[in-house]
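The values are calculated or read from the model by the stated rules, or taken from the named source; none is laboratory data. Model, not experiment: these values are computed from the prediction. Here the Cβ positions follow ideal geometry from the backbone for every residue, glycine too, while neighbour counts run over all protein chains shown. Keep in mind that these areas ignore ligands, DNA and RNA; they rest on the heavy atoms of the full protein, side chains included. Shrake-Rupley method; radii C 1.70, N 1.55, O 1.52, S 1.80 Å.
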Amino acid sequence: MPNIYIKLKNKSETVYFHSIMGTYSHFAWVRTEDPAKGIMQITPTEDQMDKTREILSYLKNEIEFEEVNKPE
């Protein structure tokens with residue numbers, strides 16, 4: 001499955017991000033990849049990649065983050 005990685009501007013919003021994305025659990029799974037850096041891994045189902053990206057674009061109005069490359 002493809003993954004999307006994002007970096008939260010404010011690391012303290014990790015739980016908030018998880019809570020919001022949890023309501024979309026049938027689209028994607030979320031895990032904290034690197035808590036110290038605020039990096040989150042989003043794993044959408046293959047057939048929901050476009051919808052997951054759409055959800056993320058709406059979330060940018062609530063939470064500041066940027067898409068990043070897979071952390072080493």
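Of note:
- Failed condition for SER25, given (1) touching a Ser or Thr at 6+ places or on another chain (Cβ under 8 Å); (2) in a loop (DSSP other than H, G, I, E, B); (3) of a type outside the set (Lys, Arg); (4) without any contact (Cβ under 8 Å) to a residue 24 or more places away in the chain: (1)
- Number of residues in region 28-53 that are surrounded by 12 or more Cβ atoms within 10 Å (Cβ to Cβ) and part of a helix (DSSP H, G or I) equals 5.
- Just so you know, in region 25-49 the residues that are small (Gly, Ala, Ser) and over 10 Å from the mean Cα position of the chain (by Cα) include one that is nearest to VAL68 (Cα to Cα), and it is GLY38.
- Which numbered condition GLU72 fails, given (1) outside any helix (DSSP H, G or I); (2) open to solvent by 40 Å² or more (accessible area, probe 1.4 Å); (3) in contact (Cβ under 8 Å) with a residue 40 or more places away in the chain; (4) out of contact with any Lys or Arg (no Cβ under 8 Å at 6 or more places or on another chain): (3)
This table checks each residue for (1) in contact with a Gly (Cβ under 7 Å, 6 or more places away or on another chain); (2) not charged (D, E, K, R).
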site	(1), (2)
LYS7	yes, no
PHE17	no, yes
THR23	no, yes
TRP29	no, yes
MET40	no, yes
THR45	no, yes
GLN48	no, yes
GLU67	no, no
